[in-house]
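The values are calculated or read from the model by the stated rules, or taken from the named source; none is laboratory data. The shown structure was predicted, so the numbers you read here are calculated from the model rather than taken from an experiment. Using ideal geometry, Cβ is built from the backbone for each residue, glycine included, and neighbour counts are taken over all protein chains shown.
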Amino acid sequence: MAYPVTVDVVPALANRDRLTTAFRLFLAIPHIILAGGVGLAAGYDTSQRTRVGGEGGLLGAVAAFLAIVSWVTILVTGTHIAGIRQFTAFYLRWRARAISYLMLLEDPYPPFGDAPYPVSLEIADPAGPRDRLSVALRLIYVIPQAIVLVFLLVGWGFATIAAWFLILATGEYPKALYAFGVGVLRWRLRVEAYMLLMVDEYPPFSLEP
């Protein structure tokens, strides 16, 4: 059965833009500020307590706050406020495009907002009542996913560095590295949608669609 979060990426393997690839990190800064980077933020807060969380820019900070609101409303009423779902889906679509550009999966510059792009994300609305138990324990349930993602994202970082050099040298993104990157992107966004309470189904441990 298909997972309710779908990420589609139009392959861009050959005839890559070397100039924008060379300066990709700098070109992506506005989108990084708004929609965040690719990784998981980890470190210590001022009270020396360990923290591990999303790294989603200004829009992500709003989405995280709204997820706290949704956590309460879903537990109390069993419903996810429509406006919150719409904003969170908007943020995740923007994030999918921004990460794809940053990590060299696509060359066209991402739009600021919703507009056609070679990377798309769709989230199906829940088919039935929300799973209050899953929502209540979401931070605990997601721990195994977060552990696996740490290793996947590190691997994707090294793969993207290798792809950066190869694109500059040959103008092509190696197919195997590209497929791995798309898979990690898909996994990352599924987990984030799960954490933001957009879906109740547990994300698969898979790079596949």
Output for the stretch 109-130, where each listed residue is without any contact (Cβ under 8 Å) to a residue 12 or more places away in the chain and more than 27 Å from A22 (Cβ to Cβ): A127, G128
Within the stretch 111-142, track down each residue that is more than 16 Å from the chain's Cα centre (by Cα), crowded, with 16+ Cβ neighbours inside 10 Å, not polar (S, T, N, Q) and not in a loop (DSSP other than H, G, I, E, B). V135, R138, Y141
With the structure loaded, tell me whether E106 is assigned to a loop (DSSP other than H, G, I, E, B), closer than 25 Å to R24 by Cβ and modelled with pLDDT under 95 or whether it fails that test. no
Right, W156: touching a helix residue (DSSP H, G or I) at 6+ places or on another chain (Cβ under 7 Å), closer than 18 Å to E55 by Cβ and in a helix (DSSP H, G or I) or not? yes
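Per-residue answers, yes or no, for (1) surrounded by fewer than 23 Cβ atoms within 10 Å (Cβ to Cβ); (2) without any contact (Cβ under 8 Å) to a residue 40 or more places away in the chain; (3) over 18 Å from E192 (Cα atoms):
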site	(1), (2), (3)
V69	yes, yes, no
T77	yes, yes, yes
F87	yes, yes, no
F90	yes, yes, no
W94	no, no, no
I99	no, no, no
D107	yes, no, yes
Being farther than 12 Å from I99 by Cα, in a helix (DSSP H, G or I) and free of Cβ contacts under 8 Å to residues at least 12 places away in the same chain is the filter here; which residues of the stretch 3-37 pass it? L19, F26
If you scan the stretch 48-76, which residues turn out to be out of contact with any helix residue (DSSP H, G or I) (no Cβ under 9 Å at 6 or more places or on another chain) and at pLDDT below 95? Q48, R49, T50, R51, E55
